[in-house]
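Take a look at the structure below.
Just so you know, all these numbers are worked out from the coordinates, no wet-lab data involved. The shown structure was predicted, so the numbers you read here are calculated from the model rather than taken from an experiment. Please note: Cβ atoms are built from the backbone with ideal geometry, for glycine as well, and neighbour counts cover all protein chains shown.
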Amino acid sequence: MRVAIAEDSGVIREALGLLLTSIGVDVTGSTATGEELLAAALTDPPDVAIVDMRMPPTRTNEGVVTALALKASQPRMGVLVVTAHDDDPFTSGLFANGAAGLGYMRKDNIADRTALQQVLLRLANGEAVIDAGVTTRALHRTRDIDRTHTLSDRERLILDLMAQGRSNAGIAKQTHVSLKTVEAHIAKIFLKLGLRSGDADNRRVLAVLTWLQAAAGPPAGPLTTGSVAGEARLPP
């Protein structure tokens with residue numbers, strides 16, 4: 001596994017590099033800005049890039065801008081955007097062009113070696129990874145926005161468990177209902193959120209992203225164009 005890092009804090013960048021090395025990862029680059037990472041990735045693309053959300057020059061949405069630029073130039077590359085904030089208003093737009101190989105997590109939740117290793121493998125394999133804490137807060141905040149207000153309390157619970165990476169069988173076991181009942185609830189969730197069976201993207205991912213986007217509300221501002229353990233696996 002080859003991983004590159006973009007993080008403006010030298011201390012965090014060094015600590016993350018040591019953590020990655022300790023789990024057998026080859027750190028191919030460690031930069032302070034998204035622009036530097038983009039330049040390095042053009043000549044020596046990693047399997048996964050870890051990008052801080054807030055970097056120079058504006059310390060707002062550089063992580064999103066960098067992630068989208070990396071995916072545009074290297075579609076098969078996994079990109080993990082990390083943030084120190086519980087509720088980062090600059091996340092809007094990260095999944096605008098799809099979720100494959102994209103991740104979004106709090107920095108606190110990448111300190112566990114085993115969890116970090118699993119996250120990197122999933123991103124390299126084209127899966128989407130979203131911090132379970134982020135999705136849970138979004139689920140609890142979202143009430144009367146867009147189509148999400150039509151979900152019942154049971155459907156909200158099931159969507160929360162979906163975001164935490166539970167399979168249909170796992171959800172059935174935790175909620176003490178039959179597998180067929182879970183499947184029926186999930187079908188209703190997709191219907192209420194307007195996710196048709198013909199959608200090319202993974203509907204489980206799209207369902208969670210619908211919650212996140214509704215909870216976040218409108219973007220805090222336009223994307224800048226200058227510089228550029230607690231995780232939830234979203235199963236197919």
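Put a dot 7 Å past the Cα of Asp112, heading toward its Cβ, do the same for Leu157, and the two dots end up 2.4 nm apart. Please give every one of the lysines within straight-line cross-link reach of Lys173, meaning a C-alpha to C-alpha distance under 29 Å, and leave out same-chain neighbours fewer than 8 residues apart. Lys173 reaches Lys188, Lys192. Shown in residue order for region 120-125 are the 3J(HN,Hα) couplings computed by the Karplus curve 6.51 cos²θ - 1.76 cosθ + 1.60 at θ = phi - 60°: 4, 5, 5, 5, 4, 8 Hz (x for Gly and Pro).
For every other residue with a beta carbon closer than 10 angstrom to the beta carbon of Arg2, add +1 if it is Lys or Arg and -1 if Asp or Glu, then tell me the sum.
-3
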